[in-house]
Amino acid sequence: TTTGSKRGIIVKTPIPPGGALSGNAEVVTNGASFGITVGANEIIIDPSSTTATQVLTLPVSPPDGTIVNLHFGGTLTSGTIVTSFSVVPGSGAAIIDNSAPPTAVYGDYFRYHYYTPNLGSPRWYREH
């Protein structure tokens, strides 16, 4: 993982195939829905064959500043990983700029950052 700084925000580049992950990882190997655990920050969507539908639910009430990175592939090394893909917020939060494409292919990478503003409801921001 390459890290750098841009306007005070930590920026990570996607992890290359075969690269090491840092932090707490969860691996999703089947379709349908999956709730991401508070504290897990590297989520690898790695089915053995193309998955028709995958809905990921971001953690409920994680610590302010939490980052969740979504990575696609591993067992599959090319093509479509998930035919119908979506990300939803945990209860009580909203997602800002949730423009993840409806189909995820090998090598796709998405990043969500959680903030609780001084006034207002908690928000996940899609950064990549």
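Extension gain, residue 106 to residue 121, is 2.0 nm, computed as 0.36 nm per intervening residue step minus the present C-alpha separation. Legend: translational diffusion of the range 18-87 by Stokes-Einstein, Rh = Kirkwood radius over C-alpha pairs, 10 °C, 1.306 mPa s; D = 126 µm²/s. In the range 45-85, the portion of solvent-accessible area held by carbon and sulfur atoms comes to 52 percent [1.4 Å probe, whole percent, DNA, RNA and ligands not counted]. Per-residue extension of 0.36 nm, minus the Cα-Cα distance of residue 27 and residue 57, leaves a gain of 9.4 nm for this segment.
Expressed in whole Å with the largest first, what are the equivalent ellipsoid semi-axes of the range 59-124 derived from the C-alpha gyration tensor as the square root of 5 times each eigenvalue? Provide the component values of the computation, followed by the final result.
Values: eigenvalues 148, 27, 15 Å².
Those come to 27, 12, 9 Å.
The values are calculated or read from the model by the stated rules, or taken from the named source; none is laboratory data. Values in this document were obtained by computation on a predicted structure and should not be read as measured data. Surface accessibility is based on the protein's heavy atoms, side chains included, excluding ligands, DNA and RNA. Shrake-Rupley method; radii C 1.70, N 1.55, O 1.52, S 1.80 Å.
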